[in-house]
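Student: First the structure, then my questions, so here it is.
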């Protein structure tokens, strides 16, 4: 059963025992790529352009949501056209990611270690154009068998659709997959898909439900667990 961060086990070996995944599915923004701050900056810039405040309540409401969901919320406050705001968000974010997107600490190493053992995929709430730019900036895009964008499924996270689509693309049963997430919405999606979830939350406001937690992808416990996979 997934737990909150204050209830996590001390090591992955203790948490999962002899269980090993058949595949691994990663979130992208804020997990593999240090682009979450760029997404926050994007929201700030667009709110400023629209003349509305990005207050604490709105910030928390928007965490983990795609532009297709954020745009209408901002548009409602601003009295603007949702489609226009969505385009503003994507245009600004694509430029920022192209200029400044970079891998999170430990991302290259853990992707390479896991990719040597099992097939990997990315399941993202980003639009396809943003996901492609982020992955191209990562330097390890060749490690992924599949990438799934929220635009390619019926419902974005917190619905399980992107994770189910990624598992199908890998030919793996959802229950045989481990998913890596940093947000409440993303972890909820992976749990709903029936996957084992490891959370790497970097925002104090986020308390995702997960089966295990680690401070970063540089975790020695995480690397030791992967090294033990047969």
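Each value in this text was obtained by applying a stated rule to the coordinates, not by laboratory testing. Quantities reported herein were computed from a predicted structural model and do not represent experimental measurements. Ideal geometry is used to build each Cβ from the backbone, glycine not excepted, and the neighbour counts take in all protein chains shown.
Student: Cβ neighbours within 10 Å, averaged per peptide: list 118-124, 220-226, 32-38, 84-90 in order, most packed at the top.
Tutor: 118-124, 32-38, 84-90, 220-226
Student: Another question, then. Classify region 88-175 as rounded, prolate or oblate, taking a ≥ b ≥ c as the square roots of the eigenvalues of its Cα gyration tensor: rounded when a/c is under 1.5, otherwise prolate if a/b is larger than b/c and oblate if not.
Tutor: oblate
Student: Taking square-rooted eigenvalues a ≥ b ≥ c of the alpha carbon gyration tensor, is the chain rounded, prolate or oblate, where a/c under 1.5 means rounded and, failing that, a/b exceeding b/c means prolate?
Tutor: prolate
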